[in-house]
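Enquirer: Take this structure, written in structure tokens, and hold onto it; I'll ask about it next.
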Amino acid sequence: MDIEARVTGFIEENCYFATNPATRQTVVIDPGDDAPQLLARLRELGATVVAYLLTHGHVDHLTALAPLSAACPAPIYIHARDAAWCFSAQNNLPGFYDAPDKPKAPLVLVKEGDVFELAGARWSVIDTPGHTPGGICWRLEDDRALFTGDTLFRGTAGRTDLPGGDPRALTRSLHKLAALPDPLAVYPGHGDPTTLGHEKQHNYFMRF
Ligand SMILES: [Zn+2]
Ligand SMILES: [Zn+2]
């Protein structure tokens, strides 16, 4: 799969496109903001969107979801614990993001251990609460890639002081990620990519 990062919105959220080079089928992860730019890029790639995967429900990760899925309809995959609040009026960042519109595309509620065949690749769900109650990581199995949302970043980890945050749960989630293989490429919700091995060695939050 070809993995491309697009930085969106005021707080520089990473949206990712994972595109099968043979079929041009694309999985969109966390379409945060700037829907027109994301759409233009998808058209440039000749991409057909087959799924929208969300790592969690925060508004900076899904503002572009309604307009994008209206233009390129495909199911939206999210954990039930974040689906419960992510399209409510409270999910906003005043001055930066209004509450998101609810997309018309169908929601697929996912849980730990679910595996989906999307764009010709296997995607599995790792339950990683702490930053939000329904935070998950998406593992793209054949490509050894892990989309960590705001659970794990290069050099740090997600904040736990927002509503629904839980520092102990986040620590347990990071423990769980630490058990995965070192060569896994990590694509976080903000900032630069890294590898799990690098974070286990250098990230304070991954040293147990
Ligand atoms: Zn977040
Ligand atoms: Zn974020």
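Enquirer: Which residue fluctuates the most in the chain, going by a Gaussian network model with Cα springs under 10 Å, if the choices are Gly130, Gly95, Gly191?
Expert: Gly95
Enquirer: In Å², and per residue, what accessible area does the chain have when probed at 1.4 Å with the other protein chains present?
Expert: For the chain, the per-residue accessible area is 44 Å².
Enquirer: Which of Phe87, Phe96, Phe147 moves the most in a Gaussian network model of the chain with Cα springs under 10 Å?
Expert: Its mean-square fluctuation being the largest, the pick is Phe96.
Enquirer: Quantify, in whole percent, the carbon and sulfur part of the accessible surface of the chain (1.4 Å probe; protein heavy atoms only).
Expert: C and S fraction of accessible area: 53 percent.
Enquirer: Grab the other residues whose beta carbon is less than 11 angstrom from that of Thr160, score K and R as +1, D and E as -1, and report the net.
Expert: With Lys, Arg at +1 and Asp, Glu at -1, the neighbours total -1.
Enquirer: Quick one: putting +1 on the C-beta of Lys and Arg, -1 on the C-beta of Asp and Glu, what dipole do you get for the chain around its Cα centre, in Debye to the nearest 20?
Expert: So the magnitude is around 340 debye.
Enquirer: Output wanted: per-residue J couplings in Hz (rounded whole) for region 55-62, from phi through Karplus 6.51 cos²θ - 1.76 cosθ + 1.60, θ = phi - 60°, x for Gly and Pro.
Expert: Karplus-based 3J(HN,Hα) across region 55-62 equals 7, 6, x, 4, 4, 5, 9, 8 Hz.
Enquirer: Using Cα springs under 10 Å in a Gaussian network model of the chain, which residue among Ala70, Ala185, Ala51 shows the largest mean-square fluctuation?
Expert: Highest fluctuation of the listed residues: Ala70.
Enquirer: Also, quick follow-up: Using the Kirkwood formula over every pair of different C-alpha atoms, what hydrodynamic radius in Å results for the chain?
Expert: Radius from the Kirkwood sum: 16.7 Å.
Enquirer: Could you derive backbone 3J(HN,Hα) for region 6-12 from the dihedral phi with the Karplus parameters 6.51, -1.76 and 1.60 (θ = phi - 60°), listing whole Hz in sequence and x where the residue is Gly or Pro?
Expert: 10, 8, 10, x, 5, 10, 6
Enquirer: Using 0.36 nm per residue of separation minus the Cα-Cα distance, give me the extension gain between Glu4 and Asp114 in nm, one decimal.
Expert: 37.2 nm
Enquirer: Students often forget the sequence filter, so: which lysines lie under 22 Å Cα-Cα from Lys102 once same-chain residues fewer than 8 apart are removed?
Expert: Filter leaves Lys111.
The values are calculated or read from the model by the stated rules, or taken from the named source; none is laboratory data. None of these values were measured; they are calculated from a predicted model. Please note: Cβ atoms are built from the backbone with ideal geometry, for glycine as well, and neighbour counts cover all protein chains shown. Side chains are part of the model used for accessible areas, which takes the heavy atoms of the whole protein and leaves out ligands, DNA and RNA. Shrake-Rupley method; radii C 1.70, N 1.55, O 1.52, S 1.80 Å.
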